[in-house]
Amino acid sequence: MPAMFSRLAVAAAVALIGNTALADPKNPPTECTLATAPFQIRVAYAGDKGMAISWNTKTRLANPTVHFGKNQNLNRDAQSDISTTYPTSSTYNNHVVLTNLEADTTYYYRPDCATQTYTFTASRKAGDDTPFSFAMIGDMGTFGPDGLSTTVGKGGAHPLNPGDLTTIQSLAALKSKYDFIWHIGDIAYADAWLKEEKAGYVKPLNLSDQGAEYDKILNEFYDQVEELSSTKPYMVGPGNHEANCDNGSDLSICLPGQLNFTGYRHHWNMPAASSGGLENFWYSFDHGMVHFVMFNTETDFPNAPDEPGGSGAENAGPFAPSGAQLAWLKKDLAAVDRKKTPWVVAAGHRPWYVSNKVCLECQAAFEPILIANGVDLVLHGHQHFYERHAAIANFTTQEITADPIAPWYIVNGAAGHYDGLDAPATPYVKTSREVIVAYGWSLFTVHNHTHLSTSFISSSNNTVLDTATLIKSRRCDDTPGKGN
């Protein structure tokens with residue numbers, strides 16, 4: 001099956017056949033056809049003054065170009081030569097980085113051959129004390145007949161109720177409430193294609209077509225999320241469901257383009273280059289009062305679950321020399337200027353404090369670094385429910401309203417996908433403070449240097465199901481882990 005265009009992309013392409021988009025005089029202009037029409041448009045922060053603009057086309061572009069500006073005249077252009085694909089992909093991924101942007105400023109932009117002009121707001125300058133919010137989701141797949149819907153296949157559970165909003169629809173309805181979205185692993189769930197076929201949920205394909213079903217689900221997800229990703233920076237991290245076509249099962253059926261995080265590596269463009277990180281696997285960025293850090297719980301640390309021989313049986317990676325990720329994380333956190341960004345928020349897909357299966361190898365690798373560097377908040381997904389914990393260091397809890405030294409932990413893998421929700425193990429772990437089994441997402445608000453709050457939003461109707469506030473007493477010396 002071919003990948004699906006969004007209706008908007010098809011309409012734009014048809015309207016532009018035979019036209020030519022403006023481009024740098026040094027490079028040939030892009031001839032606008034169905035094959036060069038942009039779709040699956042997405043933006044992501046790219047350093048202090050940058051924004052990565054990415055989109056897909058049905059053919060390779062010689063010089064992907066974005067026209068942009070502070071008004072709809074779009075008086076600036078940016079180009080690159082990055083237009084990549086991989087075996088089994090029906091599209092090309094195009095990436096351009098806009099530079100020298102003014103902080104917290106709205107820009108208009110249009111990729112070559114698009115008929116619609118989009119907007120984004122540049123990142124807040126590090127040290128900007130203005131309150132802001134961000135959205136966090138984990139474990140979100142396609143919605144509709146190839147994913148989570150009001151029906152399930154044989155053995156399935158937790159369908160949507162008639163009239164329920166999906167998490168994408170909920171995020172879209174409240175888009176004015178947050179600056180960006182952080183999707184902390186497990187993106188699209190294209191690797192559920194075989195499970196869905198075996199359950200009678202979707203019509204089976206011939207074995208020779210199996211790669212097309214995986215690609216189809218990926219493209220459906222990217223089409224669906226474009227409503228969000230084209231205007232709000234959509235930051236991502238790796239999860240186990242990006243690793244291959246059958247999530248730790250029979251990898252022999254996976255075609256070369258559907259192994260080793262291939263699609264994930266091509267589709268996104270995270271700020272690794274500006275932060276010394278690696279591709280879309282680990283990176284950091286500043287936004288206002290917060291230093292954000294994404295780390296990789298899947299590969300590139302001792303006994304990593306997705307590496308060959310690991311517990312996840314994904315046979316993926318490693319992607320860097322031994323010890324590179326942990327060395328980078330230590331260096332990145334040690335360099336944080338707490339006078340500019342008093343808050344440090346870190347995220348990795350697999351949790352080690354949760355009322356379900358834990359990742360002890362992740363805890364051994366990452367927790368000592370997070371504690372030593374005074375990280376304030378740690379976010380996880382992977383388990384398909386919401387669980388808010390106390391602040392924790394080596395299983396010892398501190399209450400979040402009492403100026404904790406330890407990081408505060410929140411697990412939220414409840415955005416929704418074909419597999420539904422998980423049942424947390426009972427009794428809940430002693431670090432747990434609230435558990436909710438419902439589809440939803442988290443809204444975090446950074447109020448000032450001392451107060452950071454969270455709300456768990458029910459995707460079905462946008463109601464708030466849980467709230468909590470972390471209170472820190474900042475000291476003048478800004479020393480991490482000492483009242484900071």
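Go through (1) surrounded by fewer than 18 Cβ atoms within 10 Å (Cβ to Cβ); (2) assigned to a strand (DSSP E or B) for Val96 and report which single condition fails.
(1)
Looking at (1) closer than 26 Å to Glu220 by Cα; (2) part of a loop (DSSP other than H, G, I, E, B), can you tell me which one Val66 breaks?
With (1) closer than 26 Å to Glu220 by Cα; (2) part of a loop (DSSP other than H, G, I, E, B) applied to Val66, the lone miss is (2).
Can you tell me which residue among Tyr353, Tyr418 is among the hydroxyl-bearing types (Ser, Thr, Tyr) and out of contact with any Asp or Glu (no Cβ under 7 Å at 6 or more places or on another chain)? Full working, then the answer.
On the way: Tyr418 fails: out of contact with any Asp or Glu (no Cβ under 7 Å at 6 or more places or on another chain).
Just one listed residue meets the conditions, Tyr353.
Restricting the search to segment 28-51, which residues are buried (at least 23 other Cβ atoms within 10 Å of the Cβ) and part of a strand (DSSP E or B)?
Correct list: Phe39, Gln40, Ile41, Arg42, Val43, Ala44, Tyr45, Met51.
With respect to Arg76, determine if the residue is out of contact with any Asp or Glu (no Cβ under 8 Å at 6 or more places or on another chain), free of Cβ contacts under 8 Å to residues at least 24 places away in the same chain, of a type in the set (Lys, Arg) and farther than 29 Å from Asp191 by Cβ. Break it down into steps so the answer makes sense when it comes.
Values: out of contact with any Asp or Glu (no Cβ under 8 Å at 6 or more places or on another chain): yes; free of Cβ contacts under 8 Å to residues at least 24 places away in the same chain: yes; of a type in the set (Lys, Arg): yes; farther than 29 Å from Asp191 by Cβ: yes.
Yes.
Every residue in segment 377-391 that is in a loop (DSSP other than H, G, I, E, B) and surrounded by fewer than 24 Cβ atoms within 10 Å (Cβ to Cβ), please. Give the derivation first.
Here is the first cut: in segment 377-391, the residues in a loop (DSSP other than H, G, I, E, B) are 381-385.
Correct list: Phe385 only.
Looking at segment 319-346, which of its residues are crowded, with 20+ Cβ neighbours inside 10 Å and either assigned to a helix (DSSP H, G or I) or not assigned by TED's automatic domain parsing to the domain that holds Met136 (or both)?
Answer for segment 319-346, where residues must be crowded, with 20+ Cβ neighbours inside 10 Å and either assigned to a helix (DSSP H, G or I) or not assigned by TED's automatic domain parsing to the domain that holds Met136 (or both): Gln325, Trp328, Leu329, Asp332, Leu333.
I'd like the residue in segment 179-212 that is more than 24 Å from Thr166 (Cβ to Cβ) and hydrophobic (A, V, I, L, M, F, W, C) and, out of all such residues, is modelled with the lowest pLDDT.
Once the filter is applied, the top-ranked residue is Leu207.
Is it true that some residue in segment 347-368 is buried (at least 22 other Cβ atoms within 10 Å of the Cβ), in a helix (DSSP H, G or I) and among the aliphatic types (A, V, I, L, M)?
Looking through segment 347-368, at least one residue is buried (at least 22 other Cβ atoms within 10 Å of the Cβ), in a helix (DSSP H, G or I) and among the aliphatic types (A, V, I, L, M).
So the check is Cβ under 6 Å with 6+ separation or different chains; which pairs have a first residue in segment 118-142 that's more than 30 Å from Pro351 (Cα to Cα) and a second one that's among the small types (Gly, Ala, Ser)?
Listed by first residue and then by second, the contacts come to Tyr118/Ser230; Ala122/Ala103; Lys125/Ala103; Asp128/Gly288.
Could you list, in sequence order, the residues of segment 392-414 that are within 28 Å of the chain's Cα centre (by Cα), small (Gly, Ala, Ser) and surrounded by fewer than 24 Cβ atoms within 10 Å (Cβ to Cβ)?
Ala393, Ala406, listed by residue number.
Considering only residues that are in contact with a strand residue (DSSP E or B) (Cβ under 8 Å, 6 or more places away or on another chain), among the charged types (D, E, K, R) and either outside the structural domain of Gly237 (by TED's automatic domain parsing) or outside any loop (DSSP other than H, G, I, E, B) (or both), which ones fall in segment 153-212?
Passing the criteria: only Lys177.
If I filter segment 267-318 down to residues being part of a loop (DSSP other than H, G, I, E, B) and aliphatic (A, V, I, L, M), which single residue comes out as nearest to the chain's Cα centre (by Cα)?
So the first thing to find is which residues in segment 267-318 are part of a loop (DSSP other than H, G, I, E, B), and the list is 268-271, 276-277, 279-281, 288-289, 295-318.
Subset that is aliphatic (A, V, I, L, M): 270, 289, 304, 313, 316.
Values: Met270: 9, Met289: 21, Ala304: 20, Ala313: 23, Ala316: 19 Å.
Here the residue is Met270.
The values are calculated or read from the model by the stated rules, or taken from the named source; none is laboratory data. What you see is a predicted model, and the numbers here were worked out from it, not measured in a lab. Every residue, glycine as well, gets a Cβ built from its backbone with ideal geometry; the counts of neighbours run over all protein chains shown.
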